Amino acid sequence: MVLQSPPHSILIICARRIGDALLTTPLINTLKTNWPDAAIDVLAFEGIEGILRHNADIRRIITIPEKQPLYQKMAFLWKMWNQYDLAVSTQTGDRPTLYAVTAGRKSIGPCAQHSGKWKKLLLNAYVDFDGANTHIITQNLKLCEKLGLTPIYDVKLAWATEDEVTLAKKCSFDMTKPYIVIHPVPKFKYKMWHQPGWIHISKWITQQNIQVVFTAGHSLLEQEYIQQICHHLPLNTTNLAGKLTLSELAFLLTKASAYVGVDTVTTHMAAASGISTIAIFGPTSPAVWGPWPVGCRNKKPYQEKGSQQYNNVTLLQSDEPACIPCQHEGCFRHQNSESICLNLFPAEKVVTALKELPLFR
């Protein structure tokens, strides 16, 4: 799609989860770099705006409830009618496509193979969506290529100066000395590794005289999970579970020596910060959702299966069972499911990966 002139206003629609919002930052950066005078707004669900709040490429974040009555959806669509020169959807669903078509005088978005024909007809341009083999960042940047723009692949972390000050008050350890951040709890259980594994690798790190710092979300269940792990560790282990904002977490990661975590937004943040990142993956495909390595210009940094390393990211995946990665929500196909591939993954493989990091060489 060729625009007759650079757009003055752009709306990015990212009505999904926090990790999806973070992974739109290469798309946003590409648009802002090519069209520096454009004002870019982001439409997102309530609760995920914190990951983008301090991003200098963004003028405004518009939040909406994830669930709305039909009359509220219609009222919002009416309010957004033709407000932007260009609207860009990053999802194939009906709702984000309608937002793009309604809000933009020109609109573009992804369409799945079996999408309703109405989406392809109403959008001014679309790209084919591949949710099985194409990394989500590469998928988003196809939209830029369709607009004739050279893509910028870097994931952007952002924080404010006050985050540095408030974080320093919350940390009881010396941030100038080496420390490793561990984030054991994902949003959904089917991505969880076992607790004995976290205890084993944490003990090994402390035995190397390196500070261990735990992070987690604000739910009581996540905080209790971290407390259970810390009960088995030295008293100087730092537990920041539930104590950080997303922007404070971003700053904490940039100062860390390394990171270990599961398939969650914090792992994507760690990879984007440039520190050595170990990501433990289960049923999710690394080819689509692997943490984007710093400096990566490869449209497909990871293969679908197996442990692999790319720049600052070491991605670990079990060798068994043979169904890995199934791309399902665990073995029982729901968010609270067990994942046998993660239950079987041994802690020694994580320790082996830690020994290969620059910090321990």
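The values are calculated or read from the model by the stated rules, or taken from the named source; none is laboratory data. Just so it is clear, the model here is predicted, and its values are computed rather than measured. Methodologically, a virtual Cβ is constructed for each residue, glycine included, from the backbone with ideal geometry; neighbour enumeration extends over all protein chains shown.
A few comments on the model shown:
- The range 102-125, subset touching a Lys or Arg at 6+ places or on another chain (Cβ under 7 Å) and within 20 Å of Ala21 (Cα to Cα), residue surrounded by the most Cβ atoms within 10 Å (Cβ to Cβ): Ile108
- Condition check for Lys305: assigned by TED's automatic domain parsing to the domain that holds Val212, outside any helix (DSSP H, G or I) and without any contact (Cβ under 8 Å) to a residue 24 or more places away in the chain: yes
- Of all residues in the range 308-338, those that are part of a loop (DSSP other than H, G, I, E, B), of a type in the set (A, V, I, L, M) and under 24 Å from Asp154 (Cβ atoms) total 0.
- Only one of the listed residues (Ile340, Ile280, Ile324, Ile275) is touching a helix residue (DSSP H, G or I) at 6+ places or on another chain (Cβ under 9 Å), surrounded by 16 or more Cβ atoms within 10 Å (Cβ to Cβ), over 25 Å from His218 (Cβ atoms) and β-branched (Val, Ile, Thr). That residue is Ile324.
- Filtering Ala353, Ala347 for residues that are touching a Gly at 6+ places or on another chain (Cβ under 9 Å) and under 21 Å from Ile210 (Cβ atoms) leaves a single hit, Ala347.
- Filtered residues of the range 1-57 (kept if more than 30 Å from Gly217 (Cα to Cα), among the charged types (D, E, K, R) and not in a helix (DSSP H, G or I)): Asp37
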